[in-house]
Amino acid sequence: MLDLMLDVDQHAGESLLAVVEREIIGHAMYVRLGDSSEAEMAIIIEDGWQSKGVGKLLLSELAERARSRGIESFTGEVLRKNRSMLGLAAMFAETDYTMKEGLCQARMPLRTLEPTSYALRTLRHAA
């Protein structure tokens, strides 16, 4: 399982794991969309570890690595009711949300990690 999660061409993407006492508690990854500077990201955190900073830590590190490889923005789909993930996406300034049929498409520019008041208002509206 570890080999599958971590076997990624680093130009095309990257994968990170959060491990506590030899147990995987989180996984975050991105895959570059073609030859563009945009990548789709995904993140999953074990239920007992949610809302404890693991997701933010993984996503921050993933964004740093992506930026160093020329990625300028992440995209991802989030269930509209997943307030925790919508909040995590808002850590990027100028995050843009598009709602459609219970799903939220988020586009997260990787220029900065500090949310703007616009992103926070959008998050409150989305949730």
Practice problem: List the residues whose amide H sits under 5 Å from the amide H of Gly13, counting only those 5 or more places along or on another chain, with H placed 1.01 Å from N in the peptide plane. | Solution: Arg32
Quiz item: How large is ³J(HN,Hα) for each residue in the stretch 35-41, as worked out from phi by the Karplus curve 6.51 cos²θ - 1.76 cosθ + 1.60 (θ = phi - 60°), to whole Hz, x for Gly and Pro?
Solution: 9, 7, 9, 10, 9, 8, 10
Quiz item: Over the Cα atoms of the stretch 24-83, how large are the radius of gyration and the largest Cα-Cα distance (Dmax), in Å?
Solution: 12.2, 37
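Grab the Cα-Cα distance for Ile24 and Leu79, subtract it from 0.36 nm times how many residues apart they are, and report the gain in nm with one decimal.
Contour length minus Cα-Cα distance gives 17.5 nm.
Where a number appears in this text, it was derived from the coordinates with a stated rule and is not lab data. It should be emphasised that the depicted structure is a prediction, and the values quoted were computed from it without experimental measurement.
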